[in-house]
1. Here's a check for you: in the range 111-130, which residue that is in contact with a Ser or Thr (Cβ under 7 Å, 6 or more places away or on another chain) and of a type in the set (Gly, Ala, Ser) is nearest to Gly89 (Cα to Cα)?
2. Does Gly125 satisfy being touching a Phe, Trp or Tyr at 6+ places or on another chain (Cβ under 6 Å), closer than 15 Å to Gly83 by Cα and in a strand (DSSP E or B)?
3. In the range 33-69, what count of residues is obtained for those that are over 18 Å from Tyr149 (Cβ atoms), surrounded by 12 or more Cβ atoms within 10 Å (Cβ to Cβ) and among the aliphatic types (A, V, I, L, M)?
4. Please indicate, with yes or no, whether at least one residue in the range 55-62 is touching a residue at least 24 places away in the same chain (Cβ under 8 Å) and in contact with a Pro (Cβ under 8 Å, 6 or more places away or on another chain).
5. If I ask for residues that are at pLDDT 95 or above and among the polar types (S, T, N, Q), which ones from the range 36-90 would you list?
6. Criterion first (surrounded by fewer than 19 Cβ atoms within 10 Å (Cβ to Cβ), touching a strand residue (DSSP E or B) at 6+ places or on another chain (Cβ under 7 Å), at pLDDT 95 or above and part of a strand (DSSP E or B)) does Ser140 satisfy it?
7. Which count do you get for residues in the range 83-136 that are crowded, with 17+ Cβ neighbours inside 10 Å, in contact with a Leu (Cβ under 8 Å, 6 or more places away or on another chain) and closer than 18 Å to Tyr40 by Cα?
8. Give the range 48-86 a look and list any residue that's under 16 Å from Gly28 (Cβ atoms) and of a type in the set (D, E, K, R), or say none.
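The values are calculated or read from the model by the stated rules, or taken from the named source; none is laboratory data. Since the structure is predicted, the reported quantities are computational estimates derived from the model, not experimental observations. Backbone-built Cβ (ideal geometry, glycine too); neighbour counts: all protein chains shown.
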Amino acid sequence: MTSPWTIAAALAAAAVCAAQPAAAEESGDFAALGSFVHDYTELEHGDGTFFGGVAEGTNTVTESSGAPFAPGDHSHAVCVVFGKRSAAGLDLSAPCTQTDADGDSYYTLSKRIAGDVDAGGGGEGAMTMVGGTGKYAGLSGSCAYDVDYLAGDRLVFTMHCAWRRDGD
């Protein structure tokens, strides 16, 4: 016969285990949709046009394989965009910080060599995930994105990302 103390200890252990947070996922993927407003300055210089400025807006996760990204999660993003247009094409870079409702942030670096940044332009690019804070600490990964520049200094984009949590 099992003693009442053994049963109580087993129930207490089960309660403690159930109260522990689920282990964080080590890899996954997600898709998101973003809507931003940008403010770029352009400068004709030598053999091309340099541009730079800020793009700010929101991202919404539309699909996900699991934590820390969940469908319906929103984040506020701020990017510093800089690049050059020339006869050789476009060379654009944009480091961004995305901060969610909990105050946790993840960092990305976007690169694009196709398309333009004027209304009616846009194009496909690649994004690298380069860490974060809180639930995003230790994340890395890569994303493909497609951006469309709209009238009124607005842009919209979709992105599909594969991420992993790097070990310590």
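1. To start, the set of residues in the range 111-130 that are in contact with a Ser or Thr (Cβ under 7 Å, 6 or more places away or on another chain) comprises 111, 125-130.
Now drop any that are not of a type in the set (Gly, Ala, Ser), which leaves 125-126.
Working: Gly125: 14, Ala126: 16 Å.
Checked the range 111-130; the qualifying residue nearest to Gly89 (Cα to Cα) is Gly125.
2. Numbers: touching a Phe, Trp or Tyr at 6+ places or on another chain (Cβ under 6 Å): yes; closer than 15 Å to Gly83 by Cα: yes; in a strand (DSSP E or B): yes.
Taking the combined requirement at face value, the residue satisfies it.
3. Looking only at that region, the number is 2.
4. Yes, the range 55-62 contains at least one residue that is touching a residue at least 24 places away in the same chain (Cβ under 8 Å) and in contact with a Pro (Cβ under 8 Å, 6 or more places away or on another chain).
5. Thr41, Thr49, Thr58, Asn59, Thr60, Thr62, Ser64, Ser65, Ser75
6. Details: surrounded by fewer than 19 Cβ atoms within 10 Å (Cβ to Cβ): yes; touching a strand residue (DSSP E or B) at 6+ places or on another chain (Cβ under 7 Å): yes; at pLDDT 95 or above: yes; part of a strand (DSSP E or B): yes.
Yes; evaluated as a whole, the condition is true for this residue.
7. Result for the range 83-136: 10.
8. Within the range 48-86, Glu63, Asp73 qualify.
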